[in-house]
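Undergrad: Encoded as structure tokens, here's the structure I'll be asking about.
Values quoted throughout were computed directly from the atomic coordinates according to the rules given, and no laboratory measurement underlies them. Small disclaimer: the values here were computed from a predicted structure and weren't measured. A quick note on method: Cβ atoms are made from the backbone with ideal geometry, for glycine too, and the neighbour counts reach across all protein chains shown.
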Amino acid sequence: MAHPEPRPPETPADRLEVGQAWPARKPRLLLVDDQPVHLQVLYRALTGPYQLFMATRGEQALHLVREQQPDLVLLDVVMPDMDGFEVLRRLRAARDRADTPVIFVTAHEGADIESRCLEAGAVDFISKPVNPAVVRARVRTHLTLKFQSDLLRALAFIDGLTGVANRRHFDERLALEWGRAQRLGTPLSLILADVDHFKAYNDHYGHQAGDAVLRHVAQTLRAHVRRPADMVARYGGEEFACLLPDTPLADAQALAERMQQAVRDLAIPHRDSRTAPVVTASFGVAAREGPALRGAHPALLLGLADAQLYEAKHQGRARVCAARLEGATGDEVFP
Ligand code: GH3
Ligand code: MG
């Protein structure tokens with residue numbers, strides 16, 4: 001296919017391909033020690049390639065973990081108010097950032113303290129007085145491990161072919177957003193999009209060209225969603241789903257219309273389409289609006305969007321059909 005490949009925004013999958021687990025930004029380190037002079041030594045050893053945050057007390061360290069989301073924490077064991085073990089215990093018990101890696105830094109030596117640190121959940125142990133080269137090497141090693149595991153976790157939620165979210169990620173988010181919409185009475189819209197006559201496209205242009213079409217369509221859909229909470233996912237073979245929290249039906253329908261036009265505007269030739277001389281897609285839109293719908297379930301929203309997609313196909317493809325999810329009377333409360 002002569003059509004140029006889109007240049008998608010960087011995804012975790014891209015980073016895996018180039019073997020580059022480290023992010024483009026500077027890694028963030030939190031240095032914790034009650035004695036400013038020790039902090040200064042660490043600061044001097046690590047300043048430059050990292051963005052550094054410093055705390056002299058446990059509470060302050062926990063606050064900075066939440067606020068600044070460091071990639072790694074260097075934590076003094078002996079501190080007056082709250083010692084390093086307690087800081088680590090609270091960090092691991094927290095809902096956010098519980099898996100932030102921690103290296104203990106302590107003047108105490110010996111197998112006892114070392115094994116106690118590791119058992120408490122630290123990833124490593126550095127003795128004071130610190131050797132700057134050793135600190136730098138350990139920090140680098142643990143950041144690499146951390147970024148690699150971030151990457152693998154992210155990849156588990158991404159569709160390898162198109163770089164958008166995968167079905168598993170979508171199902172989880174749908175359940176979450178559905179619960180939120182029902183609780184708060186906020187609208188939730190869902191768009192399903194399916195490439196028209198895609199089997200004929202593959203048959204004529206080949207499977208690889210078909211794959212390229214899926215990437216184009218995925219990026220086109222993604223380029224149209226604006227809010228951070230919006231999600232575009234590959235729902236199945238040539239079917240995509242867009243989840244739009246806080247979006248009423250009319251807005252989702254208008255968005256689907258723009259997406260439909262944008263896919264057509266890609267102008268990817270499709271000789272064997274009975275709908276148009278170019279690749280097109282059909283769209284089904286469904287929304288839940290207003291107070292909680294009694295006994296309703298996210299599968300109903302999916303089913304309605306799917307029925308609308310079927311209707312769009314039935315009416316001649318390359319179009320949008322939309323419907324609102326109807327429940328029982330509007331003033332009933334979700335259990
Ligand atoms: P309709 O307009 O009714 O949607 O017809 P269609 O041909 O698009 O639908 P059908 O379900 O008959 O065929 C879907 C095709 O999508 C068949 C399958 O080989 C192809 N497909 C599914 N996943 C992929 C993929 O990852 N890559 C490629 N190239 N093709 C795929
Ligand atoms: Mg299709």
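Undergrad: Computed on alpha carbon atoms, what radius of gyration and Dmax characterise the range 19-154, expressed in Å?
TA: Looking at the range 19-154, its Cα Rg and Dmax stand at 13.9, 43 Å.
Undergrad: Report the normalised scattering of the range 179-335 as log10 I(q)/I(0) at q = 0.12, 0.18, 0.20, 0.21 Å⁻¹, calculated by the Debye formula with identical scatterers on the alpha carbons.
TA: Debye curve over Cα of the range 179-335, log10 I(q)/I(0) at q = 0.12, 0.18, 0.20, 0.21 Å⁻¹: -0.51, -0.99, -1.17, -1.26.
Undergrad: How big is the charge dipole of the range 167-324 about its Cα centre, in debye rounded to the nearest 20, if each Lys and Arg gets +1 on its Cβ and each Asp and Glu gets -1 on its Cβ?
TA: It comes to approximately 200 debye.
Undergrad: Which of 104, 133, 148 sits farthest toward the positive end of the charge dipole of the range 19-154, with +1 on the Cβ of Lys and Arg and -1 on the Cβ of Asp and Glu?
TA: 148
Undergrad: Per residue, how big is the convex hull of the chain when only Cα atoms are used? Give it in Å³.
TA: 159 Å³
Undergrad: Would you calculate the volume per residue, in Å³, of the smallest convex hull containing every Cα atom of the range 221-276?
TA: Dividing the Cα hull volume of the range 221-276 by its residue count gives 100 Å³.
Undergrad: If you don't mind, another one. Along the charge dipole of the range 31-109, which of 39, 82, 65 sits closest to the positive end, that is, farthest toward it, with unit charges on the beta carbon of Lys, Arg, Asp and Glu (+1, +1, -1, -1)?
TA: 65
Undergrad: So, with +1 on the Cβ of K and R and -1 on the Cβ of D and E, and no other charges, what is the size of the charge dipole of the chain about its Cα centre, to the nearest 20 debye?
TA: Around 540 debye, computed over the chain.
Undergrad: Only counting other Cβ atoms within 10 Å, I'd like 79, 259, 54 sorted with the fewest neighbours first.
TA: Result, fewest neighbours first: 54, 79, 259.
Undergrad: In the chain, what % of DSSP beta bridges are antiparallel (nearest 5)?
TA: That works out to approximately 45 percent antiparallel.
Undergrad: How large is the dipole of the range 19-154 about the Cα centre if only Lys and Arg carry +1 and Asp and Glu carry -1, each at its Cβ, rounded to the nearest 20 debye?
TA: The calculated dipole for the range 19-154 is roughly 620 debye.
Undergrad: While we're on this one: Could you work out [θ]222 nm for the chain from helices alone, using -39500 (n - 2.57) per DSSP H run of at least four and dividing by all its residues? Round to the nearest 500 deg cm²/dmol.
TA: Only helices count here, giving -14000 deg cm²/dmol.
Undergrad: Here's a follow-up. In the chain, how many lysine pairs have Cα atoms under 27 Å apart, counting only pairs 8 or more places apart or on different chains?
TA: Within the chain, the lysine pair count is 4.
Undergrad: If contacts are Cα pairs under 8 angstrom and at least 6 residues apart, what is the relative contact order of the chain in percent?
TA: 14 percent
Undergrad: With N set to the number of residues, divide the alpha-carbon radius of gyration of the range 134-195 by 2.2 N^0.38 Å and report two decimals.
TA: Scaled against compact globular proteins, the figure is 1.72.
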